[in-house]
1. Please go through segment 164-202 and give me each residue that is surrounded by 17 or more Cβ atoms within 10 Å (Cβ to Cβ) and of a type in the set (Ser, Thr, Tyr), ordered by number.
2. All but one of (1) surrounded by 15 or more Cβ atoms within 10 Å (Cβ to Cβ); (2) without any contact (Cβ under 8 Å) to a residue 24 or more places away in the chain; (3) over 22 Å from Gly622 (Cα atoms) hold for Arg152, so report the exception by its number.
3. Quick one: which residue in Thr619, Thr606, Thr641, Thr653 is within 20 Å of the chain's Cα centre (by Cα) and either outside the structural domain of Leu526 (by TED's automatic domain parsing) or under 25 Å from Val542 (Cα atoms) (or both)?
4. So which residues in segment 181-212 are in contact with a strand residue (DSSP E or B) (Cβ under 9 Å, 6 or more places away or on another chain) and among the small types (Gly, Ala, Ser)?
5. Could you check segment 204-308 for helices (runs of 4 or more DSSP H) lying wholly inside it with 3 or more residues that are touching a residue at least 12 places away in the same chain (Cβ under 8 Å) and either surrounded by fewer than 14 Cβ atoms within 10 Å (Cβ to Cβ) or of a type in the set (Lys, Arg) (or both)?
6. Out of Thr401, Thr448, I need the residue that is over 30 Å from Ala347 (Cα atoms), in contact (Cβ under 8 Å) with a residue 12 or more places away in the chain and among the β-branched types (Val, Ile, Thr). Which one?
7. Looking at Ala412, Ala407, Ala424, which one is surrounded by 22 or more Cβ atoms within 10 Å (Cβ to Cβ) and either on the phi < 0 side of the Ramachandran plot or more than 25 Å from the chain's Cα centre (by Cα) (or both)?
Amino acid sequence: MTATTDGSTGAPVPLTAASATGTAPDDIGGRANEAARRATEYLLSLQDPEGWWKGDLETNVTMDAEDLMLRQFLGIRDEKTTRAAAQFIRGEQRADGAWATFYGGPGELSATIEAYVALRLAGDAPEAPHMAKASAWIRERGGIAASRVFTRVWLALFGWWKYEDLPELPPELIYFPHWLPLNIYDFGCWARQTVVPLTVVSALRPVRPAPFALDELHVDPAVPRPAKPLAPMGSWEGAFQRLDKAVRAYRKVAPRRLRRAAMRAAAQWIVERQENDGCWGGIQPPAVYSLIALHLLGYDLDHPVMRAGLKALDEFAVWREDGARMIEACQSPVWDTCLATIALFDAGLPADHPQLVKAADWMLGEQVLRPGDWSLRRPELPPGGWAFEFHNDNYPDIDDTAEVVLALRRVAHPDPERVEGAVARGVRWTLGMQSRNGAWGAFDVDNTSRMPNRLPFCDFGEVIDPPSADVTAHVVEMLAHEGKADDPRARRGVQWLLAEQEPSGAWFGRWGVNYVYGTGSVVPALVAAGLAPGHPAVRRAVRWLEAVQNEDGGWGEDLRTYLPGGGQGVGESTASQTAWALLALLAAGERESAAARRGVGFLVDTQREDGSWDEPYFTGTGFPWDFSINYHLYRQVFPLTALGRYVHGELFTGAGR
């Protein structure tokens, strides 16, 4: 099926399945067709002239607060940046005085403390009503002493907390061999890049003079924090508490020459992983800690490494029309571009459309062709993956690689041999990154040791990268469309997915919220891999989706579903999550079902005049519950993909079919 073209705008006008056969479309089909046309035009208008798409990546105010604290620590905080950051932070404060980590979420202690400190740096008086309300909220929940370790590390940099009351993190970790538990490669790549520079901070314990006191954030500043009682020796918690005590004792006797050498090795490790744009791993948190560590080790602000790093951090700033400044934790151009390409093709845009070709050109230029940390466990595997960000050659990821391959296969590129070569490298690399259990993680192979999670230092977010259902599903779907559905490695992936299905019929979502995302990823993959729509696993998934559909016809899921007892598929309807549910239903052959028609109706009814959707809710995750993401392009690409597949059926059959 093809699309016609509107001669006045050059934009595609997708055909409904009904109109293609000469019959009149029913009302929902016609409305879906028109919604897809408007969404196509809108998405095309967002493409950068270089060929990529990138929506804002919104997280929470700790990014903005830590950016200000970094600048304060380095002595480079300026009035313009401070004023703009403070404006954004104030605008995110809840009515009760706290700050949440996602839209509509509860107040979160550490985020509130960091936001409060940032506003104090900006000159907000502690007596001001919004500040007094925040400090009271903090004290009611235990004050600074009850905050997470990373927050107290930031406060220790200015003398607001004692290093003696933080877990020890020795730089000698850099020397741990790869086979030894708790070596740095046992951590996920994002945690690894944070832990290494923090070992330098832990060793040197720097303190910059605090510009003010924070007594108002303590329950009782005169009363020292009581020591936490030791857990039983036979428990993991007790073992790691005693390990921390041993490391503290080692600090007093650590050979100075060894410690200095370890810090030099850490600095070399950090510098070697700085990207061409000056950042580290394309993400903000490791960048701020790396800059602090290098500065402590003698890198002055005019050093090329420091200049490049600070310049890269400025690129994470999103300046809003009202003058506020929001810091992105990361940027997602590769991910957004491959998803946009898939959406536009599936909505009927011709495969040789110039904007799709330009997108393919840009993606081809982003393939990572040199080894990174992943090669430690796969030294013989040639590179060939794609990363998430503009610059991140050290850490390509399996999820992006699978989706980029699916996107490239949808484009009629004028140089097909170039595409074939890139795809072959990507498929080979992806297959080589399969974990022992038959599934795929995001960045590493068999990064499954639970020991890093048990360290007293690691009390925030996931610090390992085990295989997940959503990433594995995207790989299986890609392999199926490459004609490899019967490859033993693909079949192992399918078997792992079937074993991971929840009793309810859903799948857990690691990188998207939550069971709706997991189910919306897995069902299309299983069907692409050859499971019939009538397979019991597919039918259980359909029944679950029907059971959690909201009254308005949409689907939604809150971040609270990551908490014990939080339920599954519960939340306000959103455009992106409704689209994920529809992708599963359509793959399962449910196009004419009442659930699918109601879901399409929700997307049509909530679309704005310009062809876009609004979505304040956070539907992406960095760490389930702990770190949530609002990908601003999700609300565009996924609804368009779902509407396109509803209108056209399956246009894409893959390279191997």
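1. Result: Tyr185, Thr194, Thr199, Ser202.
2. In the conditions (1) surrounded by 15 or more Cβ atoms within 10 Å (Cβ to Cβ); (2) without any contact (Cβ under 8 Å) to a residue 24 or more places away in the chain; (3) over 22 Å from Gly622 (Cα atoms), Arg152 misses (3) alone.
3. So the residue among Thr619, Thr606, Thr641, Thr653 that is within 20 Å of the chain's Cα centre (by Cα) and either outside the structural domain of Leu526 (by TED's automatic domain parsing) or under 25 Å from Val542 (Cα atoms) (or both) is Thr619.
4. Passing the criteria: Gly188, Ala191.
5. 236-253, 256-272
6. The conditions single out Thr448.
7. Ala407
Residue by residue, here is whether (1) in contact with a Ser or Thr (Cβ under 6 Å, 6 or more places away or on another chain); (2) under 21 Å from Phe627 (Cα atoms); (3) buried (at least 22 other Cβ atoms within 10 Å of the Cβ); (4) of a type outside the set (A, V, I, L, M, F, W, C) holds:
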residue: Glu500; (1), (2), (3), (4): no, no, no, yes
residue: Pro503; (1), (2), (3), (4): no, no, no, yes
residue: Asn514; (1), (2), (3), (4): yes, yes, yes, yes
residue: Leu526; (1), (2), (3), (4): no, no, yes, no
residue: Gly530; (1), (2), (3), (4): no, no, no, yes
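The values are calculated or read from the model by the stated rules, or taken from the named source; none is laboratory data. Remember, it's a predicted structure, so these values are computed and weren't measured experimentally. A quick note on method: Cβ atoms are made from the backbone with ideal geometry, for glycine too, and the neighbour counts reach across all protein chains shown.
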